[in-house]
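Nothing in this text is a laboratory measurement; each read-out follows from the coordinates by a stated rule. Source: prediction; values computed, not measured. Every residue, glycine as well, gets a Cβ built from its backbone with ideal geometry; the counts of neighbours run over all protein chains shown.
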Amino acid sequence: MPPLVGGIRSILEGTDSIWKYWVLHGVVDGWDGGDLAVLEPELNALAAHPSASDVAEEVDLIARELLGRLRARG
């Protein structure tokens, strides 16, 4: 498990959509499927129930993209 998971979970569960997007795009996007799987619950929540600001910042889209990559691995 990547050492940053706890901090990343806190960000993804927070309200700063810009930060969520950049963490998903800049950090999590580089993870392999095994590491990505540890964030599956958070990615599912962002994809299924995004806030208005998450939608505006396309957090839901990148969460769906990452989930698709995870499921393709499966």
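A few comments on the model shown:
- Dipole moment magnitude, nearest 20 debye, the chain about Cα centre, only Lys, Arg, Asp, Glu C-beta charged: 220 debye
- Cut-off 13 Å between beta-carbons: net charge of the residues surrounding Gly6, Lys and Arg +1, Asp and Glu -1: -1
- Label-to-label distance for Ala52 and Glu65 is 2.5 nm, based on points extended 7 Å past Cα in the beta-carbon direction.
- Across the stretch 27-34, rounded Karplus estimates of 3J(HN,Hα) from the backbone phi angles (6.51 cos²θ - 1.76 cosθ + 1.60, θ = phi - 60°) give 10, 5, 4, x, 7, 7, x, x Hz, Gly and Pro being marked x.
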